[in-house]
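Taking it in order: structure first as structure tokens, then the write-up.
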Amino acid sequence: MSDHDHHAPQNPAVMRAQYRPPGEGLLEEDVPARPMELFELWFNEATRARGVLYEPNAMVVSTADAAGRPSSRTVLLKAYDDRGFVFYTNYGSRKARDLAA
């Protein structure tokens, strides 16, 4: 292999995209009193970008088993309200057992 055949590895750190203009962010005084109001604003924004975001209702659920070993998986949000988020799972799955414990 010659020096010309060797390619430098890609640097993942330089792939970071700026998602919002500098200085724009979440300020505590702008946060609604009810957390689900803020979620609804963000979720509506994500669903408007549906052509860009494949499944804006995808979310990650993380649990830990009785020994404290963490596990994460992607599920689809089915509904939400002030009580929380609804997603479906197989009651015999590891995820369901972890949640029950």
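Assorted remarks:
- Tallying residues that are more than 24 Å from Y88 (Cβ to Cβ) and open to solvent by 70 Å² or more (accessible area, probe 1.4 Å) within segment 19-56 yields 19.
- Taken over segment 1-33, the residue count meeting the criterion of being assigned to a loop (DSSP other than H, G, I, E, B) and modelled with pLDDT of 75 or more is 11.
- The residue of segment 53-96 that is farthest from L38 (Cα to Cα), among those that are of a type in the set (K, R) and free of Cβ contacts under 8 Å to residues at least 24 places away in the same chain, is R69.
- Members of segment 57-87 found to be surrounded by 10 or more Cβ atoms within 10 Å (Cβ to Cβ), of a type outside the set (D, E, K, R) and in a loop (DSSP other than H, G, I, E, B), listed by number: N57
The values are calculated or read from the model by the stated rules, or taken from the named source; none is laboratory data. Note that this is a predicted model, so its numbers are computed, not measured. A quick note on method: Cβ atoms are made from the backbone with ideal geometry, for glycine too, and the neighbour counts reach across all protein chains shown. Side chains are part of the model used for accessible areas, which takes the heavy atoms of the whole protein and leaves out ligands, DNA and RNA. Shrake-Rupley method; radii C 1.70, N 1.55, O 1.52, S 1.80 Å.
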